[in-house]
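The values are calculated or read from the model by the stated rules, or taken from the named source; none is laboratory data. Worth saying up front: this structure is predicted, and the values here are computed from it rather than measured. Here the Cβ positions follow ideal geometry from the backbone for every residue, glycine too, while neighbour counts run over all protein chains shown. Heads up: the accessible areas ignore ligands, DNA and RNA and are worked out on the full protein's heavy atoms, side chains in. Shrake-Rupley method; radii C 1.70, N 1.55, O 1.52, S 1.80 Å.
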Amino acid sequence: MVSIGPDGDLTEEEAESIARLSLRLPNGALSWGHRALRFGPFCGVIQTPQMIIELFPKIESGPQAPEDMRGLLVGLLARAGELGPKRVGEATLGQQSSHLLDVFIEDFCDQVKTALRGGAIARYTEKTENLNAIRGRLELTDHLRANAFDRSRLLCRFDERSIDNGYNRALKAVLRVLHGHALSPRTRAIMASILHRFDDVANVRISVSDLDALRLDRTITHWQPVFRKAAWLLAGLFPDLRIGDTSGSALLFNMERLFETVLGQRIRRECQAIGERRFSVGLQRPQKNLATSGFQLRPDITVLDGEVAFAIFDAKWKRLEIGKPNAGVSSADAYQMNAYADRYCCNRLALVYPATAEFPSGSVTNFVLLTATRPVLEVLTIDVRDLAFGSGLPPGFDAVLPSALKRPQSPALSFFATV
């Protein structure tokens, strides 16, 4: 929570600029108190005319170096596929000093450069010009009228292959927007070098709906991730000028979903790497109804043995606390896992929380649920830095996953501090 006022963390003017932007933010990103502002479980960057705010993942109390927290977020985003894989290597150095906005922009530039290795998108356009020799077909009637007194010219209609088309105009428009938002000289220089590749492309204004309207055929499907990321960046950074929205921009990620996604991919990777082939991992599936109609159940992470649920994990982006009953595991979470156990006929269950100093990575406790099959609910914690940068089966997970997945743990690298 941050305070608002002359002696607070934010001035009245800065708070008002955030309030004007709030309607464009995801639900739950902000909540207001008496001269105070609380940020929800989101990380990323918020930019207003008065200031730029970076929101980092934080579980431990007390101050932590911005470079380390920025590096942690970049690592998690790279693991989730929101940033390119090269960002993991940069983030592990613990020296991620670039502003988050520049990290996002440079990552998009890397995507564009990779796609450009196969050449810019080119399309044939029909042209009509006076030429010295026939090209395409002669437009005889129009030629006689246009060149009645100049027999050296021929009016021809022909198809010309050009990079000045709707696809590249849209990309150039997004790149120009990003160039205006780049903060560091390095990022602006990278942007300028890529924009140079589009010198022969016309400048246009672009909206997210314009990007969504583009249809990529099979010859340019490799550009699809580029246009998808371009639409996301444009939605966050470029105000809708038709409604006069110039209050700011935001690129935010829901940490609850990010934690769940990276954990699920880690478990899937381990199953694929060292598990028996029959095991697969479903994220937010399989879906089932709790009643004859409605009350849909979607486990965060399900390890499947064929069609049978072998183990179910639920990721919780919140702190466990020693002083609370059941270490802070809520009754609602236990009820939810009990519903999973019964509906999916699964006896191996786990709630997974970020590790803290009070609850280091591994098994915290377990509960035997008092239903017919007596399923066991494990409570586990995982070091968020290990989740972002590590590999192997996390400590404590062997209590839930099949024995086929067990293997010796590699020693943690010394520069991975506990979150």
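Heavy-atom accessible surface of the chain, averaged per residue, reaches 52 Å², computed with a 1.4 Å probe. Remark: relative contact order (the chain) = 12 percent; criterion is Cα-Cα distance under 8 angstrom and separation of 6 or more residues. In this calculation the C-beta distance from R269 to R176 is compared with R0 = 41 Å, giving a FRET efficiency of 0.60. Rounded to the nearest 500, the helix-only mean residue ellipticity at 222 nm of the chain stands at -10500 deg cm²/dmol, with each DSSP H run of n ≥ 4 adding -39,500 (n - 2.57).
With R₀ set to 22 Å, the beta-carbon distance separating L283 from A399 gives a calculated FRET efficiency near 0.55. For the stretch 1-66 versus the stretch 100-167, the inter-centroid distance based on Cα atoms is 48 Å. An ellipsoid equivalent to the stretch 141-205, defined through the eigenvalues of its Cα gyration tensor, has semi-axes of 42, 11, 9 Å when rounded to whole angstrom and sorted largest first. Please identify the helices of the chain, taking whole runs of DSSP H, that span at least 30 Å along their own axis as judged from the Cα atoms and have a mean Kyte-Doolittle score of 0.0 or higher. Span-like helices here: none at all.
Top to bottom by accessible area (1.4 Å), largest first, where do D199, D314 land?
So, going from the largest accessible area down, we get D199, D314.
Return the carbon/sulfur percentage of the accessible area of the chain, one whole number, probe 1.4 Å, all protein chains in place. Its accessible area is 50 percent carbon and sulfur atoms. Pairs from the list K229/K316; K288/K324; K288/K316; K172/K316 with a Cα-Cα gap above 29 Å: K288/K324; K172/K316. As a size descriptor, the averaged projected area of the C-alpha convex hull of the chain was calculated at 29.4 nm². One Cα centroid belongs to the stretch 189-241, the other to the stretch 301-346; the line between them spans 41 Å. Once the chain from S184 to R157 is taken as fully extended at 0.36 nm per residue, the excess over their C-alpha distance is 5.0 nm.
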